[in-house]
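J.: Dropping the structure in here first, questions after.
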Amino acid sequence: MNEQLKFIVEQLNREPFKKNLNLITFDSLEPMQQLQVLNDVLAEIDPKHAIDIREEMPEQTVKRMFALLGMLKYKPPGHVSDVSSFRQGLVTGSKPVVHPILHWLLQRVPELKKRAYLARFLVKLEVPAEFLQDDVINDTFHQYEELVEGFKTYHKECEQLRTSGFSTAEIRRDISAMEEEKDQLIKRVERLKKRVESVSNHQRMLDQARQLRVEKETEEALTHQKQEQRNQLFQAEQRLQRSQQQLKDLQQAAADASPESLMNRLEEEIKINSYMVSEKLPKELEGMRRTVQFLQKIAAEPAMGQADLQELEDKIKEVDSQINHLIEKRMMRSDPMDDKLTLYRQQASIIIRRKESKAEELQEAREELASAERELRQRSSQTQDTNGEKIIRVDEMKRLVGKLRSKGTVYKKRRQEIAELKAEYGVLQRTEEILRQRHETVQEKLQTVEAEKGISGYSNTQEELERVSAIKSELDEKKSRTLGDMSEMVKKLNSKIVNQKSALAPTIKELRSLRQQHQELGQEYEEKKVQYESCTAGLESNRSKLEQEVKTLREQTAREENRYHYINSMSIVEMQIQRAADEMKAYVSSDPQERKKKLREKQKVVRESHSTNIEQMKMWCDLEQLMECKKQCFIRAQSQASIGQVIQEGGEDRLVL
């Protein structure tokens with residue numbers, strides 16, 4: 001139970017609830033507050049329940065929660081299996097009822113969200129049968145059922161697409177690659193058209209190319225047809241060989257066999273086949289039907305979570321233990337007659353098992369033979385189709401096609417780049433050739449001039465000397481630059497190291513002291529934290545106790561107040577009863593003639609004073625109106641003090657301007 005509370009508090013403190021609770025505060029919540037927490041969790045699963053339960057009648061709240069829990073297929077624990085007690089506990093906000101519901105809901109929030117979403121569309125409306133007699137309502141209801149079935153199929157397709165592993169990014173990349181390839185092909189076709197348009201008789205050449213392509217396609221079709229005919233011929237030869245082999249086997253069997261052996265063999269085959277048909281195959285068929293029914297039942301049920309699987313495993317363990325217990329009881333209760341028959345039963349069961357195992361081996365051997373023959377035919381046809389090459393599977397073929405497509409685009413780009421580079425290379429090669437020819441002509445002229453002047457080879461010697469001197473000067477400059485740079489770098493590094501050491505020395509000293517101080521403060525923090533937690537736990541427990549005491553005192557005060565008001569009202573009632581009794585006593589004991597006389601005198605007095613009383617009432621009403629008028633005048637005078645002032649003296653009112 002403690003683990004259950006910890007899990008509930010941990011989940012309620014996370015997103016999206018953020019209740020900021022602990023074990024003590026959660027356990028001390030009022031029943032109404034616990035129901036509000038349960039309603040918040042249900043609102044996270046189904047947003048239609050996001051309401052304040054204080055604004056709703058308790059019966060409506062419990063009915064709404066009960067309906068949603070039934071839709072989510074919540075099963076109460078064993079100790080609250082009674083529906084009436086469960087409903088009563090939910091009405092009163094009982095902890096043994098609310099806490100298991102919260103634990104079950106918080107364990108599977110995403111799964112329950114999906115279930116609540118599907119229930120909005122899959123829970124069918126209940127329409128009475130007499131309403132369905134109307135054609136319009138019946139057609140509308142059929143459309144509604146068709147829409148529900150359509151939603152089921154679309155939802156299944158959506159889930160399959162989500163779990164199929166297809167990535168939209170990969171599809172977009174393939175589409176973009178194909179679009180690029182398409183643009184390149186369009187550009188290439190346009191370039192080829194432009195090149196072809198400049199050639200004479202290009203239309204006739206295009207027609208001939210079209211005819212050539214048609215002839216090639218016809219040739220490929222004929223080659224394929226020829227290959228198919230070869231395959232058919234090969235298969236016919238194989239069938240002929242198998243038929244000849246079967247004929248040889250039958251001839252040998254007929255030559256070596258006698259009628260008695262053939263009859264015995266046929267009887268054995270008939271027995272085996274009759275056993276297979278009458279006993280083994282019906283059992284397997286019945287087992288497969290039960291398996292199919294079981295699988296259909298499982299498929300019809302909603303998706304199960306980890307908690308449901310754990311519950312099923314617990315039930316299986318419990319049933320296994322019960323079976324073992326029953327077996328032990330049976331063994332303890334066994335009688336001598338059963339012990340004598342046990343040997344024969346064991347022998348019969350062993351014979352039945354051997355029979356079944358041999359039948360299964362025979363069935364497996366037949367299936368293996370049939371599969372081997374199918375595989376042999378398939379391999380022979382594939383070998384004939386591929387002419388001895390390796391057979392490629394479908395998934396490997398798809399990967400190879402994808403690789404070839406990507407490599408094809410890369411190859412086309414590279415081929416285009418190579419073509420451009422070749423064109424540029426041709427231009428550069430032509431330029432180099434022209435420059436080389438010019439250089440040769442200039443060299444020839446220079447040699448002729450040197451020969452005329454008698455200084456043959458001077459230009460070559462001069463160029464060599466200039467080249468050697470330039471190389472030497474470059475090397476000298478590099479050496480001097482390298483040495484200077486290295487010396488400057490060493491000086492800079494040394495100065496930087498010294499500056500950094502001097503700058504970091506006080507910081508390092510402060511850091512050592514701060515580290516020691518940090519360790520001391522950390523120890524002190526841990527000690528204070530432990531003290532704070534223990535103090536907080538104590539205060540929380542004290543606060544919960546005080547709240548409980550205050551609650552009890554308030555309830556006691558309310559009871560005492562109710563008692564006080566009850567006693568007070570009882571005393572008043574007693575006085576009224578006493579007064580009524582006195583009046584009744586006086587009424588009963590008095591003389592009727594005297595009472596009539598008194599009433600007549602009262603009536604006479606009322607009639608005589610009626611006119612004066614009415615005049616007096618009118619005078620009082622006039623006086624009241626007069627006083628009200630004076631009051632209004634006084635208020636207006638106070639608001640209009642700039643105009644004048646009203647002075648009241650000796651029963652007179654004077655206006656002073």
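The values are calculated or read from the model by the stated rules, or taken from the named source; none is laboratory data. Just so you know, these numbers come straight off a predicted model, no measurement behind them. Quick reminder, even Gly has a Cβ in these numbers, built from the backbone with ideal geometry, and neighbours come from all protein chains shown. Ligands, DNA and RNA are excluded from the accessible area calculation, which covers all protein heavy atoms including side chains. Shrake-Rupley method; radii C 1.70, N 1.55, O 1.52, S 1.80 Å.
J.: Quick check on the stretch 210-291: what are the equivalent-ellipsoid semi-axes from the Cα gyration tensor, as sqrt(5λ), descending, whole Å? Before the final figure, lay out the partial values.
T.: On the way: eigenvalues 499, 152, 4 Å².
Listed largest to smallest, the semi-axes of the stretch 210-291 are 50, 28, 5 Å.
J.: Put +1 on the Cβ of every Lys and Arg and -1 on every Asp and Glu Cβ in the stretch 483-586; which of Ala505, Gln517, Thr552 then has its Cα farthest towards the positive end of the dipole?
T.: Farthest along the dipole direction, towards plus: Ala505.
J.: If packing is taken as the average number of other Cβ atoms within 10 Å across a peptide's residues, how do 562-570, 84-92 rank, most packed first?
T.: Highest-to-lowest ranking by the protection proxy: 84-92, 562-570.
J.: Run the dipole for the chain about the Cα centre, Lys and Arg Cβ at +1, Asp and Glu Cβ at -1, nothing else charged, and hand back the magnitude in debye, nearest 20.
T.: Here the chain has a charge dipole of around 1000 debye.
J.: Using a 1.4 Å probe, what is the accessible area per residue for the chain, in Å²?
T.: Accessible area per residue: 85 Å².
J.: For the stretch 483-586, what % of the accessible area comes from carbon and sulfur atoms, probe 1.4 Å? Write down the numbers at each step before the final one.
T.: Numbers: 5780 of 9790 Å².
Answer for the stretch 483-586: carbon and sulfur cover 59 percent of the accessible area.
J.: A follow-up question, please. Whole-Hz Karplus ³J(HN,Hα) for the stretch 423-440, in order, using 6.51 cos²θ - 1.76 cosθ + 1.60 and θ = phi - 60°, x for Gly and Pro?
T.: Once rounded to whole Hz, the list reads 5, 5, 5, x, 5, 5, 5, 5, 5, 4, 5, 5, 5, 5, 4, 5, 4, 5.
J.: When the accessible area of the stretch 1-123 is split by element with a 1.4 Å probe, what percent falls to carbon and sulfur?
T.: Of all accessible area on the stretch 1-123, carbon and sulfur atoms account for 56 percent.
J.: While we're on this one: Run the numbers on the chain and let me know its relative contact order in percent, using alpha-carbon pairs under 8 Å that are six or more apart.
T.: Rounded, it is 8 percent for the chain.
J.: In addition: Tell me, what % of the accessible area of the stretch 164-306 is carbon and sulfur with a 1.4 angstrom probe?
T.: Carbon plus sulfur share of accessible area: 56 percent.
J.: Cross-link partners among lysines for Lys551, C-alpha distance below 20 Å, same-chain residues fewer than 8 apart left out?
T.: Lys95
J.: Please go through the residue pairs Lys6/Lys528; Lys124/Lys152; Lys182/Lys407; Lys509/Lys529; Lys124/Lys297; Lys124/Lys315 and name each one whose alpha carbons sit more than 22 Å apart in this structure.
T.: Those over the limit are Lys6/Lys528; Lys509/Lys529; Lys124/Lys315.
J.: On to the next question. How big is the C-alpha Rg of the stretch 81-185 next to the rule-of-thumb value 2.2 N^0.38 Å, as a ratio?
T.: For the stretch 81-185, the normalised Cα radius of gyration is 1.88.
J.: Another question about this same structure. For the chain, what's the radius of gyration and Dmax over Cα atoms, in angstrom?
T.: Rg then Dmax for the chain, in Å: 55.0, 187.
J.: I would also like to ask the following. Normalised by the empirical 2.2 N^0.38 Å for globular proteins, what value does the Cα Rg of the stretch 131-239 take?
T.: Working: Rg = 28.9 Å, N = 109, 2.2 N^0.38 = 13.1 Å.
Rg over 2.2 N^0.38 Å, computed on Cα atoms: 2.21.
J.: Based on the Cα coordinates of the stretch 51-114, what is the per residue volume of their convex hull in Å³?
T.: Output value, Cα hull per residue: 93 Å³.
J.: In nm, to one decimal, how far is the Asp40 label point from the Tyr411 one, both placed 7 Å along Cα→Cβ?
T.: Label-label distance for Asp40 and Tyr411, simple model: 6.5 nm.
J.: Report, as a whole number in µm² per second, the diffusion coefficient that Stokes-Einstein gives for the stretch 483-586 at 25 °C and 0.890 mPa s using the Kirkwood radius over alpha carbon pairs.
T.: On the way: Rh = 23.0 Å.
For these conditions, the coefficient is 106 µm²/s.
J.: Along the charge dipole of the chain, which of His49, Gln625, Leu106 sits closest to the positive end, that is, farthest toward it, with unit charges on the beta carbon of Lys, Arg, Asp and Glu (+1, +1, -1, -1)?
T.: It is Gln625.
J.: Follow-up. Any chance you could run the full-extension gain for Leu599 through Tyr564? It's 0.36 nm times the residue separation minus the Cα-Cα distance, nm to one decimal.
T.: Residue separation times 0.36 nm, minus the Cα-Cα distance, leaves 8.4 nm.
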